[in-house]
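Right, one structure below, let's go through it.
The numbers here are math on the coordinates, done by the rules we state, and not lab data. Since the model is a prediction, treat every value here as computed from it, not as a measurement. Note that each Cβ is placed from the backbone with ideal geometry, even for glycine, and that neighbours are counted across all protein chains shown.
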């Protein structure tokens, strides 16, 4: 979150990728550096060693697509 905030302060669109278990911590970190509404993409904590590779790849692509959409929105 700190990196996201620092980069955004330089005028560069940014989005943090945050595992679900760290949602609260990410929010606290963003608030601590003065940007409580810093964009963060919260995604599920998966056990990739227990899933087939094609499922892991599909989930990764979904996260990438969501992140790209958020970056485009932040950049406007």
Report task. Pop a pseudo-label 7 angstrom from the Cα along the beta-carbon direction at both residue 20 and residue 71 and give the gap in nm to one decimal. Result -> 2.5 nm
Query raised in the report: What does the helix-only formula give at 222 nm for the chain: each DSSP H stretch with n ≥ 4 adding -39500 (n - 2.57), the total divided by the residues, and the result rounded to the nearest 500 deg cm²/dmol?
Result: -17000 deg cm²/dmol
Query - For segment 2-74, alpha-carbon Rg relative to the globular expectation (2.2 N^0.38 Å, N residues) - result: 1.22
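Among 5-16, 55-66, how do they line up by average Cβ neighbours within 10 Å per residue, starting with the highest?
Numbers: 5-16: 14.7, 55-66: 12.4.
The peptides rank, most packed first, as 5-16, 55-66.
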Report task. List the residues of segment 40-72 whose backbone N lies under 15 Å from a point placed 7 Å from the Cα of residue 7 along the Cα-to-Cβ direction. Result -> 40-42, 64-72
